[in-house]
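Participant: My structure is below; once you've seen it, I'll send some questions.
The values are calculated or read from the model by the stated rules, or taken from the named source; none is laboratory data. The structure displayed is predicted, hence computed values, not measured ones. With ideal geometry, Cβ positions are generated from the backbone for all residues, glycine too; neighbour counts draw on all protein chains shown.
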Amino acid sequence: MIYLLSATIMMGTPLLFGALAEVIAERTGMMVTAIEGIFLMGAWAGFVGGYLSGSLIVGFLAAMLAGLLVASLYGWICIYLKQHQVVTGVAINLLVVGLCSFLYRVIFGVPITPLTVNPLATIPIPLLSEIPLLGPILFNQNILTYIIYVLAPLSYFMLYKTSIGLTIRSAGENPEAVDVAGINVLRVRFLTVLLAGVMGGVAGAFYSIGFLGMFTTNIIGGRGWIAFAICFLGNWNPKGAVIGTLAFGFAEAIAIYMQSTGNSALFPNELFIALPYIMTIVLTISRKSFSVPAKLGVPYVKEN
Amino acid sequence: MMQAKLRDLLITNILAIVLGLVASGLMLLFLGKNPVNAYSVLITSVVRDGYTFADIFVKATPLMFTALAFAFTYKANLYNIGAQGQFYIGAVIAAAGSLLLQNILPGWLVLIITLLLTIVGGGLWGAFIGFVKARYNSNEFLVSMMSTYVALAIMNYLLRTFLIEGKAEYPQTDALAASVWLPRIIPGTRLHIGFVLAVLACVGVWVLLYKTPLGYRIRAVGYNAGAAEMSGINAKKLYMLAFFISGALAGVAGFTEVNGVQHMLVQGFNPDLGAAGIGIAILANGNPIGIIFAAILFGALKVGGTIMGQMSGIPSSIIELMQGFVMVFVILSYFVRTWLENNREKRKLQKAVAK
């Protein structure tokens, strides 16, 4: 049980990175549908950077840069060229799959045994990790987990208690007003998308060098979309995103646990693998009131 | 006016395709390969023999169906990005139906029944998305995306248990009896009658969308759902119907692939049909007739990319690279077209003012 809960927190980490990124960007009216591609590019760049330099820090920096690049392409097309967010996201995600497997081949050829790096180590926090029960669950995690659980309340504070947050939220609710106030709506949107790219890149790298220590092109397998879904189900709020993340992290921890213990007699493995996705559908159906940002998915065109 | 638009569409699209191929070609430089050589190998080998050439149309067949699936709901301003899952459901039903019935009924009858079953199965799987959209106002984009992963899990489960081959070695079904294979239309190639079915589906969807009252209602809802409701159109019912048809179209791709090409069900086959279908639909600007040509282009990229991979040590991921680059440039061409259109309008206005 302790193992399961600790795994929940760990597996939730990249999802929370992605979901928070998505919350901030969607508040300005930008769905980051390229999130799956950003995750994958981050996983790829993290692995390449980490493997070639031998330093995980370089890996994560490379992942941030890669996420930033994908996000800037997406942001440029959707914000400045005003093209469709869903369609653009699908195109970029497909392109990234091609890029990652192609460039992996360019750099590493066809290795006989899979290339690996040592993933992030857990850092037990002195004293706190000694607390029975809670200690091993909460305070024996890797550095990214600690970072994101600091970032979550910070992003809540930023969104609701600062003028930057007000600008971000207004850009998605009433962009005309933001414009009248002399703030460049397009720039606000673009910057949040870039931020989402950086955070999404880290999330992706979590899978390759934070946890598995290797890279394959199906390493993300829809986790970007799960982060996207958590943002919806969390009602575009960092608090909701944390709750949603824990639920999905738990579902994923169960799936991994079940796979490692072999087939259970009662339920097939595949049920547990599909659980996060089924959960998303059920939750989407059962949630009644959503406070969708009014201009979500709508390009901003200045009136002349 | 119309002509200028069509001209823009053709020129910008061709440009987008060329740029997409050039961009992928430049990537080949990283491997130390000469892109000009690689592409000339691609072109000469695609037209090298009838078998390879016909394969373009074999590859285009399922793509037409998944592209139609996306384009159909797109006309109602709905996003079905779950065609991949509907395709898997169709494939599972096609394999199970064929294996179950092939020793009981004559082949042609099995084919017809299986086709109908995949239509119903894929359709219901899709209609569920429309149902939760209509009944609970769920986000259809999200639900359709998630349903793909559920469909994949169902397929993997069945392939591991009920549908696994007699030897029970690999997660795949036994081979289908030759009597339930889709008939080949050109001897000596893999081109099967499913291609004709796909072209007919494109024409049929075009007629349905543009020549029938139902199509008019679907497009009206897509144009302005509120106004359509006001004029007495039941948008909720249309959501379900549109998703049923969309899912059924993607489901049939499973039928043509299993009964026409693979002759069995293999785990995780054709994993990019859904995404490529969306690319084809946007390349064709959502037009069902345009989809025929766009799908053939993507089919050619697939066949050519595979051959490139076999011949000169270029990884087959070049296919996804080409598809991805072409899609991104096609989206950029939408921007260019709007820009051209606006300029034309402006000039017309200026002329009118000058008079």
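Participant: Looking at residue A:123, is it free of Cβ contacts under 8 Å to residues at least 40 places away in the same chain and more than 14 Å from chain B (Cβ to nearest Cβ)? Walk me through how you get there before you give the answer.
Facilitator: On the way: free of Cβ contacts under 8 Å to residues at least 40 places away in the same chain: yes; more than 14 Å from chain B (Cβ to nearest Cβ): yes.
Spelling it out, residue A:123 is indeed free of Cβ contacts under 8 Å to residues at least 40 places away in the same chain and more than 14 Å from chain B (Cβ to nearest Cβ).
Participant: On to the next question. For the range B:295-317, does any single residue satisfy the condition of being more than 19 Å from the chain's Cα centre (by Cα), of a type in the set (A, V, I, L, M, F, W, C) and within 11 Å of another protein chain (Cβ to nearest Cβ)?
Facilitator: yes
Participant: Any residue at all in the range B:324-334 that's more than 19 Å from the chain's Cα centre (by Cα), of a type in the set (Phe, Trp, Tyr), facing another protein chain (nearest Cβ under 7 Å) and more than 16 Å from residue A:90 (Cβ to Cβ)?
Facilitator: No, the range B:324-334 contains no residue that is more than 19 Å from the chain's Cα centre (by Cα), of a type in the set (Phe, Trp, Tyr), facing another protein chain (nearest Cβ under 7 Å) and more than 16 Å from residue A:90 (Cβ to Cβ).
Participant: Kindly indicate whether residue B:128 is crowded, with 20+ Cβ neighbours inside 10 Å, assigned to a helix (DSSP H, G or I) and either within 14 Å of chain A (Cβ to nearest Cβ) or modelled with pLDDT of 90 or more (or both).
Facilitator: Details: crowded, with 20+ Cβ neighbours inside 10 Å: no; assigned to a helix (DSSP H, G or I): yes; either within 14 Å of chain A (Cβ to nearest Cβ) or modelled with pLDDT of 90 or more (or both): yes.
No: the conditions fail for residue B:128.
Participant: If you take the residues in the range B:173-192 that are β-branched (Val, Ile, Thr) and over 23 Å from residue B:155 (Cα atoms), which one is surrounded by the most Cβ atoms within 10 Å (Cβ to Cβ)?
Facilitator: Filtering the range B:173-192 down to residues β-branched (Val, Ile, Thr) leaves B:173, B:180, B:185-186, B:189.
Of the ones still in play, those that are also over 23 Å from residue B:155 (Cα atoms) are B:185-186, B:189.
On the way: B:185: 14, B:186: 14, B:189: 17.
Taking the candidates together, the pick is B:189.
Participant: Run down B:42, B:21, B:28 and say which single residue is touching a Phe, Trp or Tyr at 6+ places or on another chain (Cβ under 8 Å) and assigned to a helix (DSSP H, G or I). Full working, then the answer.
Facilitator: Details: B:42 fails: touching a Phe, Trp or Tyr at 6+ places or on another chain (Cβ under 8 Å); B:28 fails: touching a Phe, Trp or Tyr at 6+ places or on another chain (Cβ under 8 Å).
It is B:21.
Participant: Would you say residue A:89 is outside any loop (DSSP other than H, G, I, E, B), within 14 Å of chain B (Cβ to nearest Cβ) and either free of Cβ contacts under 8 Å to residues at least 40 places away in the same chain or of a type in the set (Gly, Ala, Ser) (or both)? Steps first, answer last, please.
Facilitator: Numbers: outside any loop (DSSP other than H, G, I, E, B): yes; within 14 Å of chain B (Cβ to nearest Cβ): yes; either free of Cβ contacts under 8 Å to residues at least 40 places away in the same chain or of a type in the set (Gly, Ala, Ser) (or both): yes.
Against the criterion (outside any loop (DSSP other than H, G, I, E, B), within 14 Å of chain B (Cβ to nearest Cβ) and either free of Cβ contacts under 8 Å to residues at least 40 places away in the same chain or of a type in the set (Gly, Ala, Ser) (or both)), residue A:89 qualifies.
Participant: Scan the range A:71-86 for residues that are facing chain B (nearest Cβ under 7 Å) and surrounded by fewer than 24 Cβ atoms within 10 Å (Cβ to Cβ) and jot them down. Before you say what the answer is, go through the steps one by one.
Facilitator: Filtering the range A:71-86 for residues facing chain B (nearest Cβ under 7 Å) gives A:77, A:81, A:83, A:86.
Correct list: A:81, A:83, A:86.
Participant: Can I ask one more? On the given criteria, is residue A:66 assigned to a helix (DSSP H, G or I), among the small types (Gly, Ala, Ser) and more than 8 Å from chain B (Cβ to nearest Cβ)?
Facilitator: Numbers: assigned to a helix (DSSP H, G or I): yes; among the small types (Gly, Ala, Ser): yes; more than 8 Å from chain B (Cβ to nearest Cβ): yes.
Considered against the rule, which asks whether it is assigned to a helix (DSSP H, G or I), among the small types (Gly, Ala, Ser) and more than 8 Å from chain B (Cβ to nearest Cβ), residue A:66 comes out as yes.
Participant: While we're on this one: Do the conditions hold for residue A:218, that is, is it assigned to a loop (DSSP other than H, G, I, E, B) and either modelled with pLDDT of 90 or more or closer than 30 Å to residue A:100 by Cβ (or both)? Don't jump to the end; show me each part of the working.
Facilitator: On the way: assigned to a loop (DSSP other than H, G, I, E, B): yes; either modelled with pLDDT of 90 or more or closer than 30 Å to residue A:100 by Cβ (or both): yes.
Yes, satisfied.
Participant: Here's a follow-up. Determine which single condition residue A:273 fails, assuming it passes every other condition in (1) modelled with pLDDT of 90 or more; (2) crowded, with 19+ Cβ neighbours inside 10 Å; (3) assigned to a helix (DSSP H, G or I).
Facilitator: For residue A:273, the failing item is (1).
Participant: Now, a different point. Looking at B:250, B:275, B:242, which is the one that is in a helix (DSSP H, G or I), among the hydrophobic types (A, V, I, L, M, F, W, C) and within 14 Å of another protein chain (Cβ to nearest Cβ)? I'd like the intermediate steps shown before the answer.
Facilitator: Details: B:250 fails: within 14 Å of another protein chain (Cβ to nearest Cβ); B:242 fails: within 14 Å of another protein chain (Cβ to nearest Cβ).
Answer to the selection: B:275.
Participant: Let me ask you something else. In the range A:200-224, how many residues are buried (at least 24 other Cβ atoms within 10 Å of the Cβ) and more than 16 Å from residue A:70 (Cα to Cα)? Steps first, please.
Facilitator: If we filter the range A:200-224 for residues that are buried (at least 24 other Cβ atoms within 10 Å of the Cβ), which is where we start, we get A:200-210, A:215, A:220, A:223-224.
Add one more test, that the residue is more than 16 Å from residue A:70 (Cα to Cα), and what stays is A:206-210, A:215, A:223.
Here the count works out to 7.
Participant: Every residue in the range B:209-227 that is surrounded by 16 or more Cβ atoms within 10 Å (Cβ to Cβ) and among the hydrophobic types (A, V, I, L, M, F, W, C), please.
Facilitator: B:209, B:218, B:220, B:221, B:225
Results for (1) out of contact with any Lys or Arg (no Cβ under 8 Å at 6 or more places or on another chain); (2) surrounded by fewer than 24 Cβ atoms within 10 Å (Cβ to Cβ); (3) of a type in the set (Ser, Thr, Tyr), shown as yes or no for each residue.
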| site | (1), (2), (3) |
| --- | --- |
| A:9 | yes, yes, no |
| A:14 | no, no, no |
| A:19 | yes, no, no |
| A:28 | no, no, yes |
| A:44 | yes, no, no |
| A:48 | yes, no, no |
| A:58 | yes, yes, no |
